[in-house]
Amino acid sequence: MSEQMAKEMEKQTAELDKEILRKVADSCSINKNKSYRRLRHRSLDDMGYVFDECLKCNLVCDQQLLEKGLIEIVGSRRYTDIQVDVKGHIFNCHMAVLQFSTEYFKRFHTLDPVVIESEDVTIVGFEKAYTWMTKVNATPQRENIAELYMTAKYLEMPELLKQLWFYFEDRTQFNEGQAFKLFLETVSYQALTLQHFLLTRISYFFLSAITTLEYLQLNANQVHDMLDSNVAGVNNEYEILMCALRWLMCDWRQRKRHVRLLMSAVRFGLMPPWYLLSLRAKQTMPELQEICDDPTVLDMINDGLSHSVTHESLSEMTMQLHQGPQREWIIDEQAPHHHEYKCPNWQGLDYEKFSGYVDRVINAGPLFYKSLKPKTAINLMPCCRAKF
(Lines give C-alpha, C1' and ligand atoms only; values in the text may rest on other atoms or scores of the structure.)
Protein backbone atom coordinates (compact mmCIF):
# COMPACT_ATOMS: atom_id res chain seq x y z
CA MET A 1 0.00 0.00 0.00
CA SER A 2 1.36 3.44 -0.99
CA GLU A 3 1.95 6.13 1.57
CA GLN A 4 -0.64 8.35 -0.06
CA MET A 5 -3.34 5.70 0.19
CA ALA A 6 -2.53 5.16 3.87
CA LYS A 7 -2.91 8.85 4.62
CA GLU A 8 -6.23 8.97 2.76
CA MET A 9 -7.64 6.04 4.81
CA GLU A 10 -6.48 7.62 8.05
CA LYS A 11 -8.28 10.85 7.11
CA GLN A 12 -11.54 8.99 6.34
CA THR A 13 -11.35 7.06 9.66
CA ALA A 14 -10.88 10.29 11.59
CA GLU A 15 -13.92 11.88 9.89
CA LEU A 16 -15.97 8.72 10.63
CA ASP A 17 -14.94 8.78 14.29
CA LYS A 18 -16.03 12.42 14.55
CA GLU A 19 -19.43 11.58 13.04
CA ILE A 20 -19.95 8.70 15.47
CA LEU A 21 -18.97 10.83 18.44
CA ARG A 22 -21.42 13.53 17.30
CA LYS A 23 -24.28 11.05 17.11
CA VAL A 24 -23.44 9.63 20.53
CA ALA A 25 -23.41 13.13 22.00
CA ASP A 26 -26.75 13.98 20.38
CA SER A 27 -28.38 10.84 21.77
CA CYS A 28 -27.19 11.58 25.30
CA SER A 29 -28.17 15.25 25.32
CA ILE A 30 -31.67 16.57 26.11
CA ASN A 31 -33.37 18.43 23.27
CA LYS A 32 -35.61 21.08 24.79
CA ASN A 33 -37.64 21.28 21.58
CA LYS A 34 -38.82 17.66 21.91
CA SER A 35 -41.17 16.07 24.49
CA TYR A 36 -40.32 12.82 26.30
CA ARG A 37 -42.61 10.20 27.94
CA ARG A 38 -41.36 8.19 30.96
CA LEU A 39 -42.01 4.48 30.48
CA ARG A 40 -43.62 2.49 33.34
CA HIS A 41 -41.85 -0.48 34.95
CA ARG A 42 -42.66 -3.72 33.19
CA SER A 43 -42.71 -7.31 34.49
CA LEU A 44 -41.19 -10.32 32.76
CA ASP A 45 -44.68 -11.38 31.70
CA ASP A 46 -45.28 -7.90 30.15
CA MET A 47 -42.02 -8.24 28.30
CA GLY A 48 -43.10 -11.61 26.88
CA TYR A 49 -41.17 -13.96 29.12
CA VAL A 50 -44.13 -16.27 29.82
CA PHE A 51 -43.37 -19.80 31.04
CA ASP A 52 -45.48 -22.38 29.29
CA GLU A 53 -46.50 -24.84 32.01
CA CYS A 54 -47.48 -27.35 29.37
CA LEU A 55 -43.85 -27.78 28.43
CA LYS A 56 -42.21 -30.84 30.08
CA CYS A 57 -38.70 -30.71 31.40
CA ASN A 58 -36.81 -33.66 30.01
CA LEU A 59 -33.93 -34.79 32.23
CA VAL A 60 -30.71 -35.77 30.62
CA CYS A 61 -30.91 -39.10 32.52
CA ASP A 62 -33.90 -41.15 33.62
CA GLN A 63 -34.51 -40.70 37.35
CA GLN A 64 -34.46 -44.41 38.18
CA LEU A 65 -31.34 -44.90 36.12
CA LEU A 66 -29.72 -41.96 37.89
CA GLU A 67 -30.60 -43.39 41.32
CA LYS A 68 -29.25 -46.79 40.35
CA GLY A 69 -26.02 -45.19 39.14
CA LEU A 70 -25.55 -43.23 42.37
CA ILE A 71 -26.14 -46.33 44.48
CA GLU A 72 -23.58 -48.22 42.41
CA ILE A 73 -21.01 -45.44 42.78
CA VAL A 74 -21.51 -45.20 46.54
CA GLY A 75 -21.56 -48.97 47.03
CA SER A 76 -18.40 -49.54 44.98
CA ARG A 77 -16.72 -46.55 46.67
CA ARG A 78 -15.79 -44.80 43.45
CA TYR A 79 -15.13 -41.07 43.21
CA THR A 80 -14.67 -40.79 46.97
CA ASP A 81 -13.79 -37.40 48.42
CA ILE A 82 -12.51 -38.00 51.95
CA GLN A 83 -10.15 -40.35 53.73
CA VAL A 84 -10.78 -41.75 57.22
CA ASP A 85 -7.85 -43.15 59.19
CA VAL A 86 -8.71 -45.87 61.71
CA LYS A 87 -5.66 -47.28 63.49
CA GLY A 88 -3.51 -46.67 60.42
CA HIS A 89 -5.96 -48.17 57.93
CA ILE A 90 -7.21 -45.68 55.33
CA PHE A 91 -10.86 -45.82 54.28
CA ASN A 92 -11.83 -43.93 51.12
CA CYS A 93 -15.34 -42.63 51.73
CA HIS A 94 -18.00 -40.22 50.52
CA MET A 95 -18.44 -37.35 52.95
CA ALA A 96 -22.11 -36.97 52.00
CA VAL A 97 -22.74 -40.57 53.05
CA LEU A 98 -20.89 -40.13 56.34
CA GLN A 99 -22.74 -36.94 57.19
CA PHE A 100 -26.10 -38.41 56.26
CA SER A 101 -25.63 -41.49 58.47
CA THR A 102 -23.74 -40.10 61.47
CA GLU A 103 -23.84 -37.13 63.81
CA TYR A 104 -20.08 -37.36 64.29
CA PHE A 105 -19.11 -36.35 60.73
CA LYS A 106 -21.57 -33.46 60.64
CA ARG A 107 -19.02 -31.59 62.77
CA PHE A 108 -16.53 -31.52 59.89
CA HIS A 109 -16.74 -28.75 57.30
CA THR A 110 -13.74 -29.58 55.14
CA LEU A 111 -12.60 -32.60 53.18
CA ASP A 112 -9.32 -32.93 55.06
CA PRO A 113 -8.46 -36.48 56.16
CA VAL A 114 -10.07 -37.53 59.46
CA VAL A 115 -8.19 -39.60 62.04
CA ILE A 116 -10.33 -41.55 64.54
CA GLU A 117 -8.20 -42.39 67.56
CA SER A 118 -10.86 -43.82 69.89
CA GLU A 119 -10.15 -47.32 71.20
CA ASP A 120 -13.84 -48.10 70.74
CA VAL A 121 -13.58 -47.85 66.95
CA THR A 122 -11.78 -50.74 65.29
CA ILE A 123 -10.92 -51.35 61.64
CA VAL A 124 -13.49 -54.15 61.46
CA GLY A 125 -16.09 -52.05 63.26
CA PHE A 126 -15.72 -49.08 60.90
CA GLU A 127 -15.70 -51.32 57.83
CA LYS A 128 -18.97 -52.96 58.87
CA ALA A 129 -20.51 -49.59 59.80
CA TYR A 130 -19.60 -47.99 56.47
CA THR A 131 -20.84 -51.06 54.60
CA TRP A 132 -24.16 -50.64 56.42
CA MET A 133 -24.25 -46.98 55.30
CA THR A 134 -23.64 -47.78 51.64
CA LYS A 135 -25.74 -50.90 51.10
CA VAL A 136 -29.48 -50.72 50.45
CA ASN A 137 -31.58 -52.46 53.13
CA ALA A 138 -28.48 -53.60 54.99
CA THR A 139 -29.04 -55.48 58.25
CA PRO A 140 -26.44 -56.12 60.99
CA GLN A 141 -24.91 -59.59 61.13
CA ARG A 142 -23.92 -61.45 64.31
CA GLU A 143 -20.21 -61.65 63.46
CA ASN A 144 -18.23 -58.80 65.10
CA ILE A 145 -21.48 -57.22 66.25
CA ALA A 146 -19.84 -55.84 69.40
CA GLU A 147 -17.30 -53.90 67.32
CA LEU A 148 -20.10 -52.66 65.07
CA TYR A 149 -22.12 -51.52 68.10
CA MET A 150 -19.19 -49.62 69.61
CA THR A 151 -18.46 -47.91 66.29
CA ALA A 152 -22.11 -46.95 65.82
CA LYS A 153 -22.18 -45.61 69.38
CA TYR A 154 -19.03 -43.52 68.89
CA LEU A 155 -20.08 -42.18 65.47
CA GLU A 156 -23.61 -41.50 66.77
CA MET A 157 -25.57 -43.51 64.24
CA PRO A 158 -29.17 -43.53 65.55
CA GLU A 159 -30.69 -45.69 62.81
CA LEU A 160 -28.04 -48.39 63.07
CA LEU A 161 -28.21 -48.36 66.87
CA LYS A 162 -31.98 -48.78 66.64
CA GLN A 163 -31.51 -51.87 64.46
CA LEU A 164 -28.90 -53.30 66.81
CA TRP A 165 -31.03 -52.86 69.92
CA PHE A 166 -33.98 -54.43 68.15
CA TYR A 167 -31.74 -57.42 67.47
CA PHE A 168 -30.45 -57.59 71.08
CA GLU A 169 -34.00 -57.48 72.49
CA ASP A 170 -35.34 -60.22 70.23
CA ARG A 171 -35.27 -63.36 72.39
CA THR A 172 -36.07 -65.58 69.41
CA GLN A 173 -32.91 -64.43 67.64
CA PHE A 174 -30.74 -63.82 70.68
CA ASN A 175 -30.99 -66.48 73.41
CA GLU A 176 -29.38 -66.55 76.87
CA GLY A 177 -26.19 -68.27 75.75
CA GLN A 178 -25.71 -65.75 72.95
CA ALA A 179 -26.33 -62.94 75.42
CA PHE A 180 -23.52 -64.23 77.65
CA LYS A 181 -21.21 -64.59 74.67
CA LEU A 182 -21.88 -61.02 73.58
CA PHE A 183 -21.38 -59.85 77.16
CA LEU A 184 -17.91 -61.40 77.04
CA GLU A 185 -17.21 -59.65 73.73
CA THR A 186 -18.08 -56.26 75.23
CA VAL A 187 -16.07 -56.46 78.47
CA SER A 188 -13.02 -54.86 76.86
CA TYR A 189 -15.08 -51.78 75.90
CA GLN A 190 -16.85 -49.02 77.80
CA ALA A 191 -20.28 -50.44 77.01
CA LEU A 192 -21.87 -50.50 80.46
CA THR A 193 -25.43 -49.93 79.21
CA LEU A 194 -25.25 -52.89 76.85
CA GLN A 195 -23.46 -55.06 79.41
CA HIS A 196 -26.06 -54.42 82.11
CA PHE A 197 -28.82 -55.16 79.63
CA LEU A 198 -27.19 -58.43 78.56
CA LEU A 199 -26.91 -59.55 82.19
CA THR A 200 -30.69 -59.24 82.47
CA ARG A 201 -30.90 -61.82 79.66
CA ILE A 202 -28.72 -64.37 81.50
CA SER A 203 -31.07 -66.23 83.81
CA TYR A 204 -31.37 -70.00 83.47
CA PHE A 205 -28.01 -69.95 81.70
CA PHE A 206 -26.31 -68.42 84.76
CA LEU A 207 -25.01 -71.70 86.22
CA SER A 208 -23.66 -72.68 82.79
CA ALA A 209 -21.98 -69.30 82.46
CA ILE A 210 -20.04 -69.55 85.73
CA THR A 211 -18.57 -72.91 84.65
CA THR A 212 -16.73 -71.36 81.72
CA LEU A 213 -13.09 -70.36 81.48
CA GLU A 214 -14.25 -66.93 80.30
CA TYR A 215 -16.05 -66.36 83.62
CA LEU A 216 -12.81 -67.03 85.48
CA GLN A 217 -11.04 -64.48 83.27
CA LEU A 218 -13.43 -61.61 84.04
CA ASN A 219 -12.29 -58.82 86.33
CA ALA A 220 -13.73 -58.34 89.81
CA ASN A 221 -16.21 -55.63 88.84
CA GLN A 222 -17.61 -57.72 86.00
CA VAL A 223 -17.99 -60.75 88.26
CA HIS A 224 -19.72 -58.57 90.86
CA ASP A 225 -22.21 -57.36 88.24
CA MET A 226 -22.99 -60.95 87.26
CA LEU A 227 -23.46 -62.09 90.86
CA ASP A 228 -25.60 -59.06 91.68
CA SER A 229 -28.17 -59.81 88.97
CA ASN A 230 -31.80 -60.16 90.08
CA VAL A 231 -32.40 -62.73 87.34
CA ALA A 232 -29.46 -65.01 88.12
CA GLY A 233 -30.89 -68.53 87.90
CA VAL A 234 -29.92 -70.32 91.13
CA ASN A 235 -31.67 -72.61 93.58
CA ASN A 236 -30.50 -70.76 96.69
CA GLU A 237 -28.34 -67.81 97.67
CA TYR A 238 -25.43 -69.92 98.85
CA GLU A 239 -24.92 -70.97 95.23
CA ILE A 240 -24.12 -67.30 94.58
CA LEU A 241 -21.56 -67.46 97.40
CA MET A 242 -20.03 -70.56 95.81
CA CYS A 243 -19.88 -68.83 92.41
CA ALA A 244 -17.95 -65.97 93.98
CA LEU A 245 -15.64 -68.43 95.72
CA ARG A 246 -15.03 -70.27 92.43
CA TRP A 247 -13.70 -67.06 90.83
CA LEU A 248 -11.62 -66.17 93.89
CA MET A 249 -10.05 -69.63 94.10
CA CYS A 250 -8.80 -69.39 90.52
CA ASP A 251 -6.02 -67.12 91.85
CA TRP A 252 -6.61 -66.70 95.57
CA ARG A 253 -3.40 -64.81 96.37
CA GLN A 254 -4.07 -62.13 93.77
CA ARG A 255 -7.85 -62.03 94.01
CA LYS A 256 -8.54 -62.16 97.74
CA ARG A 257 -8.29 -58.37 97.88
CA HIS A 258 -11.63 -58.34 96.05
CA VAL A 259 -13.43 -60.38 98.71
CA ARG A 260 -15.44 -57.46 100.12
CA LEU A 261 -16.55 -56.35 96.66
CA LEU A 262 -17.79 -59.82 95.69
CA MET A 263 -19.41 -60.49 99.06
CA SER A 264 -21.40 -57.27 98.66
CA ALA A 265 -23.19 -59.01 95.74
CA VAL A 266 -24.20 -61.93 97.98
CA ARG A 267 -27.62 -61.37 99.58
CA PHE A 268 -27.04 -62.98 102.96
CA GLY A 269 -30.54 -62.01 104.04
CA LEU A 270 -31.93 -64.52 101.52
CA MET A 271 -30.05 -67.40 103.18
CA PRO A 272 -31.74 -69.52 105.87
CA PRO A 273 -30.59 -68.83 109.44
CA TRP A 274 -29.01 -72.28 109.83
CA TYR A 275 -26.69 -71.66 106.86
CA LEU A 276 -25.65 -68.24 108.14
CA LEU A 277 -24.85 -69.77 111.54
CA SER A 278 -22.70 -72.34 109.77
CA LEU A 279 -20.71 -69.51 108.18
CA ARG A 280 -19.97 -68.09 111.64
CA ALA A 281 -18.67 -71.48 112.76
CA LYS A 282 -15.17 -72.76 112.05
CA GLN A 283 -14.64 -73.61 108.37
CA THR A 284 -12.71 -76.60 107.03
CA MET A 285 -11.70 -74.58 103.97
CA PRO A 286 -8.99 -72.03 104.92
CA GLU A 287 -9.95 -69.54 102.21
CA LEU A 288 -13.62 -69.54 103.24
CA GLN A 289 -12.52 -69.11 106.87
CA GLU A 290 -10.48 -66.07 105.86
CA ILE A 291 -13.49 -64.64 104.04
CA CYS A 292 -15.81 -65.15 107.01
CA ASP A 293 -13.24 -63.68 109.43
CA ASP A 294 -13.11 -60.41 107.50
CA PRO A 295 -14.83 -57.82 109.76
CA THR A 296 -16.83 -56.30 106.90
CA VAL A 297 -17.99 -59.69 105.65
CA LEU A 298 -18.83 -60.76 109.20
CA ASP A 299 -21.04 -57.67 109.52
CA MET A 300 -22.79 -58.71 106.29
CA ILE A 301 -23.38 -62.20 107.66
CA ASN A 302 -24.74 -60.87 110.97
CA ASP A 303 -27.02 -58.39 109.21
CA GLY A 304 -28.23 -61.18 106.96
CA LEU A 305 -28.89 -63.42 109.97
CA SER A 306 -30.94 -60.72 111.69
CA HIS A 307 -32.84 -60.13 108.48
CA SER A 308 -33.45 -63.84 107.87
CA VAL A 309 -34.63 -64.58 111.41
CA THR A 310 -36.99 -61.63 111.32
CA HIS A 311 -38.50 -62.81 108.06
CA GLU A 312 -39.09 -66.32 109.37
CA SER A 313 -41.24 -64.84 112.10
CA LEU A 314 -43.35 -62.78 109.71
CA SER A 315 -46.39 -63.83 107.76
CA GLU A 316 -45.83 -64.88 104.17
CA MET A 317 -47.43 -61.72 102.78
CA THR A 318 -45.48 -59.40 105.06
CA MET A 319 -42.29 -61.25 104.21
CA GLN A 320 -42.84 -60.72 100.50
CA LEU A 321 -43.28 -57.01 101.10
CA HIS A 322 -40.04 -56.63 103.05
CA GLN A 323 -37.73 -59.25 101.60
CA GLY A 324 -36.40 -57.08 98.79
CA PRO A 325 -34.87 -58.17 95.48
CA GLN A 326 -34.93 -61.90 94.81
CA ARG A 327 -33.23 -64.17 92.29
CA GLU A 328 -34.68 -66.31 89.50
CA TRP A 329 -35.09 -69.38 91.68
CA ILE A 330 -34.72 -72.65 89.76
CA ILE A 331 -34.62 -76.41 90.33
CA ASP A 332 -32.23 -78.95 88.85
CA GLU A 333 -33.78 -82.33 89.59
CA GLN A 334 -30.35 -84.00 89.37
CA ALA A 335 -28.77 -81.80 92.05
CA PRO A 336 -28.98 -83.19 95.63
CA HIS A 337 -28.61 -79.71 97.16
CA HIS A 338 -31.69 -78.58 95.20
CA HIS A 339 -33.91 -80.77 97.38
CA GLU A 340 -35.76 -79.08 100.21
CA TYR A 341 -33.77 -78.79 103.44
CA LYS A 342 -36.13 -81.17 105.32
CA CYS A 343 -36.13 -83.73 102.51
CA PRO A 344 -34.21 -86.96 103.33
CA ASN A 345 -32.51 -86.72 99.92
CA TRP A 346 -31.16 -83.24 100.58
CA GLN A 347 -27.39 -82.78 100.76
CA GLY A 348 -25.58 -79.74 102.09
CA LEU A 349 -23.41 -77.68 99.74
CA ASP A 350 -19.76 -76.93 100.35
CA TYR A 351 -17.08 -75.84 97.90
CA GLU A 352 -15.97 -79.39 97.11
CA LYS A 353 -19.51 -80.52 96.29
CA PHE A 354 -20.12 -77.36 94.32
CA SER A 355 -17.00 -78.05 92.24
CA GLY A 356 -18.40 -81.51 91.49
CA TYR A 357 -21.69 -79.92 90.49
CA VAL A 358 -19.83 -77.56 88.15
CA ASP A 359 -18.22 -80.57 86.46
CA ARG A 360 -21.65 -82.13 85.95
CA VAL A 361 -22.99 -78.92 84.39
CA ILE A 362 -20.00 -78.84 82.03
CA ASN A 363 -20.54 -82.47 80.99
CA ALA A 364 -24.25 -81.81 80.41
CA GLY A 365 -23.35 -79.49 77.55
CA PRO A 366 -24.73 -76.18 76.26
CA LEU A 367 -28.38 -77.19 76.57
CA PHE A 368 -28.15 -77.89 80.31
CA TYR A 369 -30.00 -74.66 81.18
CA LYS A 370 -33.08 -75.86 79.27
CA SER A 371 -33.50 -78.75 81.73
CA LEU A 372 -33.98 -76.36 84.66
CA LYS A 373 -37.42 -75.58 86.02
CA PRO A 374 -38.83 -72.65 88.00
CA LYS A 375 -38.72 -73.25 91.75
CA THR A 376 -42.41 -73.54 92.51
CA ALA A 377 -44.39 -75.94 94.68
CA ILE A 378 -45.63 -77.88 91.65
CA ASN A 379 -42.07 -78.37 90.32
CA LEU A 380 -40.59 -79.69 93.57
CA MET A 381 -39.34 -83.28 93.47
CA PRO A 382 -41.96 -85.76 94.79
CA CYS A 383 -39.83 -86.51 97.83
CA CYS A 384 -39.68 -82.80 98.64
CA ARG A 385 -43.32 -82.10 97.90
CA ALA A 386 -44.43 -84.40 100.64
CA LYS A 387 -42.56 -82.30 103.13
CA PHE A 388 -43.52 -78.93 101.63
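Assorted remarks:
- Subtracting the Cα-Cα distance of TYR341 and THR212 from 0.36 nm times their residue separation leaves 43.6 nm of extension gain.
- Amide hydrogen proximity for ILE331: with H placed 1.01 Å from N in the peptide plane, the residues at 5 or more positions away or on another chain lying under 5 Å are LYS373, LYS375.
- Space enclosed by the convex hull of the alpha-carbon atoms of the stretch 137-192, per residue, Å³: 85 Å³
- Filter on LYS128/LYS181; LYS256/LYS342; LYS87/LYS256; LYS162/LYS256; LYS87/LYS162 - keep pairs with C-alpha separation over 31 Å: LYS256/LYS342; LYS87/LYS256; LYS162/LYS256
- Debye intensity ratio in log₁₀ form over the Cα atoms of the stretch 189-235, taken at each q of 0.22, 0.29 Å⁻¹: -0.78, -1.27
- Using the alpha-carbon positions of the stretch 239-388, Rg (one decimal) and Dmax (whole number) come out as 16.4, 47 Å.
- Here the 3J(HN,Hα) profile of the stretch 126-131, calculated from phi with Karplus coefficients 6.51, -1.76 and 1.60 at θ = phi - 60°, is 5, 4, 5, 5, 6, 4 Hz, Gly and Pro shown as x.
- Taking every alpha-carbon pair within the stretch 80-144, the share separated by more than 20 Å comes to 24 percent.
- Convex hull projection area averaged over all views, the stretch 69-117, Cα basis, nm²: 3.5 nm²
- Taking the Cα centre of the stretch 323-376 as reference, the dipole from Cβ charges on Lys and Arg (+1) and Asp and Glu (-1) amounts to some 180 debye.
- The Kirkwood radius of the stretch 64-174, taken over pairs of alpha-carbon atoms, gives through the Stokes-Einstein law at 25 °C and 0.890 mPa s a diffusion coefficient of 168 µm² s⁻¹.
- Sites ARG385 and TRP165, calculated FRET efficiency, Cβ-Cβ separation with R0 41 Å, nearest 0.05: 0.45
- Two-decimal ratio, the stretch 192-310, of alpha-carbon radius of gyration to 2.2 N^0.38 Å: 1.04
- Based on the Stokes-Einstein relation at 4 °C and a viscosity of 1.567 mPa s, and on the Kirkwood radius from alpha carbon pairs, the stretch 134-260 is assigned a translational diffusion coefficient of 82 µm²/s.
- Charge dipole of the stretch 177-285 about the Cα centre (unit charges at C-beta), most positive-ward option of TYR215, MET242, LEU194: MET242
- Local electrostatic count, SER371, Cβ distance below 12 Å [Lys/Arg +1, Asp/Glu -1]: +1
- Spatial separation of Cα centroids for the stretch 257-301 and the stretch 113-157, in angstrom: 45 Å
- In the context of the full set of protein chains, residues of the stretch 269-312 present 52 Å² of accessible surface per residue (probe radius 1.4 Å, heavy atoms only).
- Three-way shape call for the stretch 119-162 based on the alpha-carbon gyration tensor, with the a/c threshold at 1.5: prolate
- Check: the stretch 226-280 dipole with +1 on Lys, Arg Cβ and -1 on Asp, Glu Cβ, in debye: 340 debye
- Calculated FRET efficiency for the pair GLU119/SER278, C-beta based, R₀ 45 Å, to 0.05: 0.45
- Here the 3J(HN,Hα) profile of the stretch 291-297, calculated from phi with Karplus coefficients 6.51, -1.76 and 1.60 at θ = phi - 60°, is 5, 6, 7, 4, x, 5, 5 Hz, Gly and Pro shown as x.
- Packing here is the average count of other Cβ atoms within 10 Å per residue, and on that basis the peptides 360-367, 41-48, 301-308, 158-165, highest first, run 301-308, 158-165, 360-367, 41-48.
- Electrostatic dipole magnitude of the stretch 186-321 [Cβ: Lys, Arg +1; Asp, Glu -1; Cα centre; debye, to 20]: 300 debye
The values are calculated or read from the model by the stated rules, or taken from the named source; none is laboratory data. Every value quoted in this text rests on a predicted model; they were computed, and no experiment measured them. We place every Cβ from the backbone using ideal geometry, glycine too, and count neighbours over all the protein chains shown. To get the accessible areas, we keep the full protein, side chains included, count just its heavy atoms, and leave off ligands, DNA and RNA. Shrake-Rupley method; radii C 1.70, N 1.55, O 1.52, S 1.80 Å.
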